[in-house]
Amino acid sequence: MVPFVRSTHFLSAVGRWTIFQIQEIGRIALFMFRGIVFIFSIPFQIFKTVNQVYFIGMKSVFVICLTGAFTGMVLGLQGYYTLVKFGSEGLLGSAVALSLIRELGPVLTAIMITARAGSAMAAEIGIMRISEQIDALETMDINPIRFLFSPRLLAALISFPLLTAIFDVVGIVGGYLSGSLLLGINPGIFFSRVESSVLMKDVTGGFLKSIVFAAVVATICCFQGYYTHTRAEGFGARGVSLATTSAVVISCVLILITDYILTTFLL
């Protein structure tokens, strides 16, 4: 009887976990849907959106440029020593540009923004929740999702593609620096390969990924902060720290999963 009881407990625990995850996915979907609806509600929150574009976008330019430059330089080095084995070092421009525009640009941009701005969004909204500021908004008949989430979501949808474009351009320049100036590949050949190999569908595919990543990151980070008070692992400051950690980890994992799914359809 004991093994049977243990197996029953195990199955019930798995069932409870599965039901909880399904409920959580539904809550996140409804949270994002309400945020999208409030974006188009009147009056438009232009000032708040501009502030969030500055916070998410402008303040992330330096880290995006730094990451893009060194990513492109590493791609230039690694790509050269791989292609030279096959006598195809002239294709380095194509390899660097396509790797950045199709995959690394959107993914690394989203991850870096998650680390810098996403964690801050989760912590800020989480502190507002535990300090009862969100309850005060509800008391004043101000919808917290419209006030807190919708401007951040719209700002992310605007900022992510622009930062991805900056990452791609800086990364290609970084590949040129390491491939041409350091390793001696002809600059004309490098940039002619970039021009001939990159198609418009590659650029639009990268921007599409960045828009999807923006929705994922903004939704997950704001959701984790908004529902900090429902966490069973801890309350108060501990709850905020756990919510911020969960926001970053879940966002990064979902970025990689979403990237695979989108790549499957875009290829």
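The values are calculated or read from the model by the stated rules, or taken from the named source; none is laboratory data. Since this is a predicted model, take the numbers as computed values, not measurements. FYI the Cβ positions are ideal-geometry reconstructions off the backbone, even for glycines, and counts take in every protein chain you see.
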For this session: Looking for whichever is β-branched (V, I, T) and under 23 Å from L148 (Cβ atoms) here; the options are T263, T228. Which one fits?
Result: T228
Exercise. Can you name the residue in segment 146-185 that is of a type in the set (A, V, I, L, M, F, W, C), buried (at least 23 other Cβ atoms within 10 Å of the Cβ) and more than 19 Å from the chain's Cα centre (by Cα) and is also modelled with the highest pLDDT among such residues?
Worked result: I172
For this session: Quick one: G188 ticks every box in (1) modelled with pLDDT of 90 or more; (2) over 30 Å from D135 (Cβ atoms) except a single one, so which number is it?
Result: (1)
For this session: Take E103 and decide whether it is over 18 Å from F38 (Cβ atoms) and free of Cβ contacts under 8 Å to residues at least 60 places away in the same chain.
Result: no
Exercise. Surrounded by 10 or more Cβ atoms within 10 Å (Cβ to Cβ), in a loop (DSSP other than H, G, I, E, B) and out of contact with any helix residue (DSSP H, G or I) (no Cβ under 7 Å at 6 or more places or on another chain), is that true of F44?
Worked result: yes
Exercise. Would segment 80-101 turn up any residue that is modelled with pLDDT under 90, surrounded by fewer than 17 Cβ atoms within 10 Å (Cβ to Cβ) and either in contact with a Cys (Cβ under 6 Å, 6 or more places away or on another chain) or outside any helix (DSSP H, G or I) (or both)?
Worked result: yes
Seminar exercise, completed: All-but-one check, F213 against (1) of a type in the set (A, V, I, L, M, F, W, C); (2) over 23 Å from R34 (Cβ atoms); (3) touching a Phe, Trp or Tyr at 6+ places or on another chain (Cβ under 8 Å), failing number (2)
Problem set entry | Whichever residue in segment 192-206 is under 23 Å from F160 (Cα atoms) and among the charged types (D, E, K, R) and, among such residues, is surrounded by the fewest Cβ atoms within 10 Å (Cβ to Cβ) | K201
Seminar exercise, completed: Filtering segment 51-61 down to residues that are free of Cβ contacts under 8 Å to residues at least 12 places away in the same chain and more than 18 Å from S210 (Cα to Cα) yields none
For this session: Answer yes or no as to whether T164 is free of Cβ contacts under 8 Å to residues at least 60 places away in the same chain and closer than 21 Å to Q52 by Cα.
Result: yes
Exercise. Taking I255 and the conditions (1) at pLDDT below 95; (2) in contact with a helix residue (DSSP H, G or I) (Cβ under 8 Å, 6 or more places away or on another chain), which numbered condition does it fall short on, given that it satisfies the others?
Worked result: (1)
Problem set entry | Residue among A120, A115, A110 that is closer than 19 Å to A155 by Cα, at pLDDT 90 or above and buried (at least 24 other Cβ atoms within 10 Å of the Cβ) | A110
